[in-house]
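K.L.:
Got a structure for you, written out below as structure tokens; questions coming shortly.
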Amino acid sequence: MKVLLKIVIGCFIFLLALALLTITTVDWTPYKETAYYKQTLQSLENLAFEGTDNGYVLGGWAKANITPDTPANLVAYRPRGPYEFVEDSSYVKAIIVGNNKFKVAFLNYELLIVHPQLAQALRSAIKEQKLPLDHIYFTATHTHSGMGGTIPGPVGKIAMGGWDESLVKHIAKGTLSALTKALNNMDTVSLHTKKSEAANFVSNRLIASDPIDPYIRQLILKKNNGSTCSFTTYSAHATCLSSKFMGLSGDYPYYLSEALESRHEFAVFAAGAVGSHRPKAPGNDIKSIQQYASSLDSVVRSNTIDEAVMGSQVLAAKLPLKLRSPHYRISDNLRLRPWLFNWAIGNNPAYFDVIRIGDALFISSSGEVSGVFYKAWEEQANALGLSLFVTTFNGGYIGYITPDKYYSGDYYEARDMNFYGPYNGDYFKEIVSDLIAFGAKR
């Protein structure tokens, strides 16, 4: 009996120690009272644009096929193994905007995300090649039927295709090829924006009656020879294809870009404020997503507000974003300790890129920010004479950023994918609003 009691007590002590080592409570300190908030405000106060206004804008664009010779693991949903066929190839697309003194490269990948380690590998390759670029702005289509191999760490290895060094080098090679071609075909461009309402094709996937961001937004670059390029954003997740689909595909963004290229020489699709937004596609097979993309293209053709971009300044800035410690919750008030989260997923950097091209303002997010916030931001930007583009997957990844009212609910995005705790919705609302004001002053 004494031996059994010792075993029971020993097991209890072990489990208690394990719990204390791996579990802690949620930190509910209001964000405005935290050190990380004050640090971000200090960085914002010191933020300054780099760039010039030479009285003209140059633009160039190109792409490279980055589909590997050997099938890579599919990413998202669950471990699916290597893709069994190529439904459509994967590309890196580059748009370079600037002048003879300052250039910004918009890099777009047909991937789920641009992981921080992938972003660092790409920056290093660009630096080593000594390409004349001053700022890199990463975007992704966020296809859930794309290739993995670019997400390290235990969770990445188990569910996201892992890290394949040879594939990363292949992507970097394609990136350098696209950038070099884009640099070589730069010419003077005129710019205008298009905004098309597509509310019938997207919905709020957390609370159906809550607001959405309904707009397809485009920045159109036109060269002197008449060729055009469309940088396009939309808020619907690229999740049309079934999780059982075993082919490599860019999902609806691929087919929308293909449709846009019937009128433009080049088209890039960058995921917009996709948090809490799902596509309203007619089905989950290739034929259905082609139909969905065609419907979106019809909206662009017929329901569009078209405005010229005034001004010729090309400016760029980067704001580091400080955050609460990792908050991966296992219940309403309990979370994994930060060391365990960092081991499993990684301690990812967070930041905003801010690009101003004339009166077009681009803000990139390291979090999957919800389109619910967009209306207020856009109204602020418009009142300041700016056309606003918010994109995600900028080379940092911090999970979902949704309205704070969702945090206490049983929502996947707010519980499992909100990596850094409560009040991030209001925090992002405030900082993005501050960045819009910052962009308008320059």
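K.L.:
Suppose a student asked you for the relative contact order of the chain, using Cα pairs under 8 Å spaced at least 6 residues apart; what percent would you report? If you can, show how the numbers build up before the last one.
P.N.:
Details: 1030 pairs, mean separation 81.0, N = 442.
This gives 18 percent for the chain.
K.L.:
Using the alpha-carbon atoms, what tilt in degrees (0 to 90, nearest 10) does helix 424-440 show relative to the longest principal axis of the chain?
P.N.:
The angle comes out at about 20 degrees.
K.L.:
Would you work out if segment 93-235 is rounded, prolate or oblate? Take a ≥ b ≥ c from the square roots of the eigenvalues of the alpha-carbon gyration tensor; rounded if a/c is under 1.5, else prolate when a/b is larger than b/c, oblate otherwise. Kindly include the intermediate steps, with their values, before the conclusion.
P.N.:
Details: a/c = 2.57, a/b = 1.03, b/c = 2.50.
Oblate.
K.L.:
Can you give the percent of C-alpha pairs in the chain whose distance is more than 43 Å?
P.N.:
Values: 11209 of 97461 pairs.
Taking all Cα-Cα pairs of the chain, the fraction more than 43 Å apart is 12 percent.
K.L.:
A follow-up question, please. Restricting to segment 162-291, what percent of DSSP beta bridges are antiparallel, rounded to 5?
P.N.:
Details: 18 of 24 bridges.
Within segment 162-291, antiparallel bridges account for around 75 percent of the total.
K.L.:
Which whole-number value in Å² is the accessible area per residue of segment 328-394, probe 1.4 Å?
P.N.:
Details: 2160 Å² over 67 residues.
The answer is 32 Å² per residue.
K.L.:
Given Cα pairs under 8 Å that are at least 6 residues apart, what percent is the relative contact order of segment 147-222?
P.N.:
So the answer I get is 23 percent.
K.L.:
Please report the antiparallel percentage of DSSP beta bridges with both residues in the chain, rounded to the nearest 5. Spell out each step's value before the answer.
P.N.:
Numbers: 63 of 86 bridges.
Around 75 percent of the beta bridges assigned by DSSP in the chain are antiparallel ones.
K.L.:
While we're here: How much mean residue ellipticity at 222 nm does the chain get from its helices, if each DSSP H run of length 4 or more adds -39500 (n - 2.57) and you divide by all residues, to the nearest 500 deg cm²/dmol?
P.N.:
Details: 11 runs with 138 residues, N = 442.
My calculation for the chain gives -10000 deg cm²/dmol from helical runs alone.
K.L.:
Given contacts defined as C-alpha pairs under 8 Å and at least six residues apart, what's the relative contact order of segment 221-283, whole-number percent? If you can, show how the numbers build up before the last one.
P.N.:
Working: 82 pairs, mean separation 30.6, N = 63.
Computed over segment 221-283, the figure is 49 percent.
K.L.:
Per residue, how much accessible surface does segment 136-197 expose to a 1.4 Å probe? Answer in Å², no decimals.
P.N.:
Numbers: 2270 Å² over 62 residues.
Roughly 37 Å² per residue, with all protein chains present.
K.L.:
Quick one: net charge of TYR374's neighbours, Cβ under 14 Å, K/R +1, D/E -1?
P.N.:
That sum, taken over residues with Cβ under 14 Å, equals -2.
K.L.:
In segment 356-442, carbon and sulfur make up what percent of the accessible area (probe 1.4 Å)?
P.N.:
After summing per-atom areas, the C and S share lands at 50 percent.
K.L.:
Return the percentage of antiparallel bridges among DSSP beta bridges fully within segment 55-155, rounded to the nearest 5 %.
P.N.:
Working: 17 of 23 bridges.
Around 75 percent of the beta bridges assigned by DSSP in segment 55-155 are antiparallel ones.
K.L.:
With a/c under 1.5 counting as rounded, go ahead and sort segment 205-356 into rounded, prolate or oblate using the C-alpha gyration tensor (a ≥ b ≥ c being the square roots of the eigenvalues; past the cut-off, prolate if a/b is larger than b/c, else oblate).
P.N.:
It comes out oblate by the Cα gyration axes.
K.L.:
Additional query: Based on the alpha-carbon gyration tensor of segment 276-325 and its eigenvalue square roots a ≥ b ≥ c, which shape applies: rounded if a/c is under 1.5, prolate if not and a/b is larger than b/c, or oblate?
P.N.:
Details: a/c = 3.67, a/b = 1.37, b/c = 2.69.
Note, shape of segment 276-325 comes out oblate.
K.L.:
For segment 214-301, what is the per residue volume of the convex hull drawn over the alpha-carbon atoms, in cubic angstrom? Provide the component values of the computation, followed by the final result.
P.N.:
Values: hull volume 8.2 nm³, N = 88.
Roughly 94 Å³ of hull volume per residue.
K.L.:
Per residue Cα convex hull volume for segment 385-434, in cubic angstrom?
P.N.:
Details: hull volume 4.8 nm³, N = 50.
Cα convex hull per residue, to the nearest whole number: 96 Å³.
K.L.:
Moving on to the next point. What accessible area per residue, rounded to a whole number of Å², is obtained for segment 20-69 using a probe radius of 1.4 Å?
P.N.:
Numbers: 2730 Å² over 50 residues.
Result: 55 Å² of accessible area for each residue.
K.L.:
Another question, then. Calculate what fraction, in whole %, of the accessible area of segment 25-99 sits on carbon and sulfur atoms when a 1.4 Å probe is rolled over the protein chains.
P.N.:
Working: 1700 of 3570 Å².
Here carbon and sulfur together make up 48 percent of the probe-accessible area.
K.L.:
Of all the accessible heavy-atom surface of segment 273-345, with the other protein chains kept in place and a 1.4 Å probe, what percent is carbon and sulfur?
P.N.:
Values: 1790 of 3510 Å².
Carbon and sulfur: 51 percent of the exposed surface of segment 273-345.
K.L.:
Determine the alpha carbon to alpha carbon distance for each of LYS169/LYS322; LYS195/LYS405; LYS194/LYS322; LYS103/LYS127; LYS157/LYS244 and list only those over 22 Å.
P.N.:
Working: LYS169/LYS322 30 Å; LYS195/LYS405 29 Å; LYS194/LYS322 34 Å; LYS103/LYS127 14 Å; LYS157/LYS244 19 Å.
Flagged as over cut-off: LYS169/LYS322; LYS195/LYS405; LYS194/LYS322.
K.L.:
Next question. Using only the Cα atoms, what convex hull volume per residue in Å³ does segment 348-442 have?
P.N.:
Details: hull volume 7.8 nm³, N = 95.
Output value, Cα hull per residue: 82 Å³.
The values are calculated or read from the model by the stated rules, or taken from the named source; none is laboratory data. Note that the coordinates shown come from a computational prediction; the quantities given were computed from them, not determined experimentally. All Cβ positions, even for glycine, are placed from backbone atoms using ideal geometry, and neighbour counts span all protein chains on display. For the accessible areas, the whole protein counts, side chains as well, though only heavy atoms, and no ligand, DNA or RNA atoms are used. Shrake-Rupley method; radii C 1.70, N 1.55, O 1.52, S 1.80 Å.
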